[in-house]
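Q: Here it is, the structure in full.
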Amino acid sequence: MIATIARKEFLEMVRDGRARAASAAVLAMLIAALLMGWKEFRDVQTEIEAAKQTVRQQWLAQSPKNPHQAAHYGTYAFKPRNPLSLADSGINRFTGVALFLEPHRQNDLRFRPAQDATVLERFGQMTASATLEILLPLVIIMITFGSFAGEKESGTLRQVLSAGVQPRSLACGKFLGVGAALALLLAPATVMGVIVISPITLASGSWDSIARAAILSAGFLLYLGGWTLLCLCVSAWASSSRLALVILLGFWIGNCLVAPRAMADIAGRFHPSGSALESHLKVTREAREGPDGHNPNDPYWRSRKQELFKQYKVSNVADLPFNFDGLVAVEAEKYSTEVYRRHFREIWSVFERQDRVYRVGGMAAPMLAIQSLSMGLASTDFQQQRHFAEAAESYRARMALDMNGYIMNHVRYGDRQALAGRDLWETLPDFDYTMPDVRWVIANQRVSVTALAAWFGACFILAVWRAERVRPV
Amino acid sequence: MNFRHMIFHEWRLLRADRSLWVLAILTVLLIGYGIRNGLTWVEFQKQTIAAATAEQKARLENVKEQLIALESSNANFDPNYFRDPRNPRAVNSVYGYQWALLPPSDLASLAIGQSDLHPYYTAVTASSRHTSAQLDELQNPLQLLAGRFDLAFVVVYLFPLLVFAFSYNMLSEERENGTLSLVLAQPATLGSLLLAKSLLRVLYVALIAITLSVTGFLAAGVHWGDQGVAFAASAWTLTVIAYGLVWLGMATLVNSRGWSSAANAITLAGIWLVLVAIVPSVLNVVISTIHPLPSRIALVEAAREAQSRALTRIGQLPGPSGSIDMDERARSSLIQIITAEAEVLPVLRRFDEQLEKQQQQVKLWRWISPAIMTQLALTEVAGTDGERYRQFVSATERFRARWREFLYPIYPRRFTSADIERIPRFSFEGSEHSRYSAETAFVLLAAYGVGIVASLRFARRNFT
């Protein structure tokens, strides 16, 4: 019985010209989004690889110079991309692409693509994820808003019920029919996705991308399944198909257009980010209150000298078992590093708290939950950014320590003309960053996953409850 | 039944519809929320600008006092000590730099546009803009991605829905209720009926547009006396009215096709979805793919290459506490900066050209959706579309040149308290244009006119 109903529903949808047109349009957009995302990923990846080589060569090719000057020349770290970012560009356009690593301060990533972009940027990007999050629910609404209400209006519901069909079977059949139609719609896109991701996955040789894609698909199944159930429920409840449509469209507008903006705003009100100017002035003041790493005659170092004299039982700075100027550089760097780490930790923890509020909002608007999950799996959310920035910061601290440490341990005190060369530059390994794997992502996305499961569960319960009570009038 | 009767009757019908009142209240709430968000952001900007101004004033006074004290005590001057305000390099990066400030324009709270992405305050030092760190506002990138719930969002996304709500069943409802034939049995033509209904709705649209605009202006505390403000405000209002009217025109056109109310609703919802929700974001992806943004990474690499080459040519600067002549050291570092910049200039120029190309593409393609046209126009009037920011960046660069002219001659000697008095000051006067809003309003109004004429012809065919 259910299979018969499902087949009838499926055929009806497939034969509906409007639904076919809309579905074809959405499918075209999905495939186009996948292809364009893949092109962008490939281009950016190539560029980043080349840039990494170049900055490494630039570092190694530095002419012989004072190691501290070499550290000041610094190097750049570039945030890598995950293959799944072709489906969801997340915050990538709004965060910097390159991180300058230099002594005495920790920088934020520079060059946000959105700053160079046009006014269109604020309309968002119709990525593959966005198509599934925003457009596919519209298709679902279109093919299901009349499923019960339309039958009520045309009188066929009374006939079907009088034929002895259980309301529950009817609902089940309709759900399966819709599911089959959607599967038909999504099949080509899924094939395309697999074709696009496979070479990248095979090249990297790990299961991570496949696991991410699988979890993302499961997430979308919950999201879209919930939408289908909700539409069936509203259609069963509403007295007319027009009312059902209005309610569903209203929910769609609230969920897909209004909720992200409103929730981001609310998150900002709960945990205000504060003023960048204030923050900047505070951190530069704190850094300057510390010892001056460029001037060993600073009062702080005079007292430090006395301490060291006592410790090593010498009376002349030249008798210390290391270069005092080098120690100055090392210790000053340690101080400023701590100051800046505190500063960034404060800022980043506010952002993470805001993100958490946003994800909690996913309990009310499932779009927020699936969007967060999608960005997390595509490694285009803030947590990934923070992970990268912290890794780069460790490398920066090491670079400064290596260079200053060389002066401290291998340059005689007072020798101002000492130069180091490629031998020293090569002792610093290249910055090798690997993104955390999918398990780390899931641990961070617990709220989103729960919200999606709750969404599906709630819609299921509502649909079952309403379907039981469906009446032909 | 004359024209006036028809309008009056139509007004009574709309007034009696309770769902429209609910919608009106909801709209008022959303407009209020949108205005409030815009105001919060602009207030924050103004506070930051005031804080920067105060910090600069306090800092310069402090430095002057320190200089006077150091000069009278004639303390020992070590040119490598970076915490001495007599050191010109320290004056450049720590003590004497000026803030370049971009104050929000009068209407900036109505459309946040790009203003939360573009830095509105910069510390101008002698270093090039492209290599020095930029102070971006502390904003969660997720919020930047989600966008702002400002008045422009309410106008561009939600205003059309409101217009549809009271016009989707203009004619179809009369036919479904059976009253259309009764009305037409009076000495009233279908054309005059349609015009009467349209005219009333035009008044509604204008009323809503003017109300939300004026509320926005009042809340923003616009200074009507300022130059160009009255013109900008009228441009804004006219654009909003024209935008509402183009959707009204679409609703009228769809009605004239003679379908049922439900079919009208679905069609109009579909048009809205395509033109507002889908086309702009798809166009964004398409333009980014076909005309990608020039690569900042390439720019960074070129700048570093240039810097290395400059360094190699001039010779290495010694490490900390070098005993080399201050003159030579200062000269070397100057030459280094200037040489490196000269090398990077061609790359920068190419970069700017590519940026400009992308901007042009968007300007060209904006005609495919009223939402894009209107967003561009509204942000232009509010001064938040990036044009004002580009003017600010040019002003900053001109000031940077003045700063270098002032500071570089001082490099070989010490900075004195007399020099403090001569420090150049930054000032910026932006000019807003309303070119896009004028064009947009004109095009939208013309589209409305065309829509009405077409509706009359279709209606005669489909309803009689």
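Readers should treat all values here as calculations from the given coordinates under stated rules, not as data from a laboratory. Computed from a predicted structure; not experimentally measured. We place every Cβ from the backbone using ideal geometry, glycine too, and count neighbours over all the protein chains shown.
Q: Have a look at chain B and give its Rg and Dmax from the Cα atoms, expressed in angstrom.
A: Cα radius of gyration and Dmax of chain B are 30.0, 105 Å respectively.
Q: May I ask which residue of A:H72, A:F270, A:A50 lies farthest towards the positive end of the charge dipole of the protein assembly as shown, with charges of +1 (Lys, Arg) and -1 (Asp, Glu) on Cβ and the Cα centre as origin?
A: Result: A:F270, furthest along the dipole toward the positive end.
Q: By how many nm would the segment from B:S72 to B:R402 grow when fully extended, if each residue of separation counts as 0.36 nm and the alpha-carbon distance is taken off?
A: Full-extension gain reported as 115.9 nm.
Q: Separation of region B:442-459 and region A:108-135 by C-alpha centroid, Å?
A: 34
Q: Another question about this same structure. Dipole size in debye (nearest 20) for chain A around its Cα centre, Lys and Arg Cβ +1, Asp and Glu Cβ -1?
A: 1260
Q: With labels modelled as points extended 7 Å from the Cα through the Cβ direction, what inter-label distance (nm, one decimal) is found for B:Q47 paired with B:E353?
A: In this crude label model, B:Q47 to B:E353 measures out at 4.6 nm.
Q: Follow-up. Taking R0 as 35 Å, what's the FRET efficiency between B:L364 and A:T427 from their Cβ-Cβ distance, rounded to 0.05?
A: 0.05
Q: Given labels modelled 7 Å from the Cα in the Cβ direction, how far is it in nm from B:I210 to B:F3?
A: 1.9
Q: Now for a different question. Taking the Cα centre of the protein assembly as shown as the origin, how large is its charge dipole in debye, to the nearest 20, when only Lys and Arg (+1) and Asp and Glu (-1) carry charge on their Cβ atoms?
A: Around 1960 debye, computed over the protein assembly as shown.
Q: Within a 10 angstrom radius of the beta carbon, how do A:E286, B:E174 rank from fewest other beta carbons to most?
A: A:E286, B:E174
Q: If one takes the longest principal axis of the Cα atoms in chain B, at what angle in degrees, from 0 to 90 and to the nearest 10, does the Cα axis of helix B:387-407 lie?
A: Approximately 10 degrees, to the nearest ten.
Q: Applying the Karplus parametrisation 6.51 cos²θ - 1.76 cosθ + 1.60 with θ = phi - 60° to the phi angles of region A:95-110, what ³J(HN,Hα) value in whole Hz is obtained for each residue in order, glycine and proline being reported as x?
A: Result, ordered by residue: 10, x, 9, 10, 10, 7, 9, 9, x, 6, 7, 9, 9, 9, 4, 9 Hz.
Q: Which of the helices in chain A, when you take each full DSSP H run, stretch at least 18 Å along the axis at their Cα atoms and have an average Kyte-Doolittle score of 0.0 or higher?
A: Going by DSSP H runs, the hits are A:2-15, A:17-60, A:167-204, A:208-237, A:446-468.
Q: Sticking with this one: For B:V240, A:V317, what's the fewest-to-most ordering of other Cβ within 10 Å of each Cβ?
A: With the sparsest Cβ surroundings first, the list reads A:V317, B:V240.
Q: I would also like to ask the following. Enumerate the amide H contacts of A:K65 below 5 Å, restricted to partners 5 or more residues apart or on another chain; note that Pro and chain-start residues carry no placed amide H.
A: A:A420
Q: Take peptide A:415-421, look around each residue's Cβ out to 10 angstrom, count Cβ atoms belonging to other protein chains, and average those counts.
A: For peptide A:415-421, the averaged partner shielding equals 3.
Q: To continue, here is another question. Which whole number gives the average count of other chain Cβ atoms within 10 Å of the Cβ atoms across peptide A:264-273?
A: So the per-residue partner count for this stretch is 4.
Q: Also: Quick check: the distance between the Cα centres of region A:287-360 and region B:72-126, to the nearest angstrom?
A: 25
Q: How large is ³J(HN,Hα) for each residue in region A:62-77, as worked out from phi by the Karplus curve 6.51 cos²θ - 1.76 cosθ + 1.60 (θ = phi - 60°), to whole Hz, x for Gly and Pro?
A: 4, 6, x, 7, 4, x, 5, 5, 4, 4, 5, 4, x, 8, 10, 10
Q: Percent of Cα-Cα pairs per 20 Å bin, from 0 to the last occupied bin, for the protein assembly as shown, please list those.
A: 12, 39, 31, 13, 4, 0
Q: Now a separate question. Hey, rough spin-label estimate for A:A443 and A:S63, points 7 angstrom out along Cα→Cβ, what's it come to in nanometres?
A: Each label point is offset 7 Å from its Cα along the Cβ direction, giving 4.9 nm.
Q: Okay, next question. Distance between Cα centroids, region A:372-402 to region A:47-75: provide it in whole Å.
A: A separation of 21 Å, based on Cα centres.
Q: So, by mean Cβ neighbours within 10 angstrom, what's the order for A:15-21, A:53-59, A:332-338 with the highest one leading?
A: A:332-338, A:53-59, A:15-21
Q: Once the Cα atoms of helix B:18-73 and of chain B are each reduced to a long axis, what angle between those two axes, in degrees from 0 to 90 to the nearest 10, is obtained?
A: 10
Q: Taking the Cα centre of region A:39-118 as origin, work out the dipole magnitude from +1 charges on Lys and Arg Cβ and -1 charges on Asp and Glu Cβ, in debye rounded to 20.
A: 140
Q: Okay, moving on. Taking H placed 1.01 Å from N in the peptide plane, check which residues at least 5 places from A:A98 or on another chain put their amide H under 5 Å from its amide H.
A: A:R110
Q: Right, something else. Which order results if B:W365, B:W247 are arranged by neighbouring Cβ count within 10 Å, fewest first?
A: Arranged by neighbour count, lowest to highest, B:W365, B:W247 become B:W365, B:W247.
Q: I need the phi-derived Karplus couplings for region B:275-291: 6.51 cos²θ - 1.76 cosθ + 1.60, θ = phi - 60°, integer Hz, Gly and Pro marked x.
A: For region B:275-291, the Karplus curve yields 6, 9, 8, 9, 3, x, 6, 5, 4, 4, 5, 5, 5, 5, 7, 7, 10 Hz.
Q: Here's a follow-up. Can you give the mean number of other chain Cβ atoms that lie within 10 Å of the Cβ atoms in peptide A:65-72?
A: Average per residue, whole number: 3.
Q: Report the semi-axes of the equivalent ellipsoid for chain A in whole Å, largest first, where each axis is √(5λ) for an eigenvalue λ of the Cα gyration tensor.
A: 61, 22, 16
Q: Also, I was wondering about something else. For chain B, take the longest principal axis of its alpha carbons; what is the angle in degrees between that and the long axis of helix B:296-314, to the nearest 10 within 0 to 90?
A: Approximately 10 degrees, to the nearest 10.
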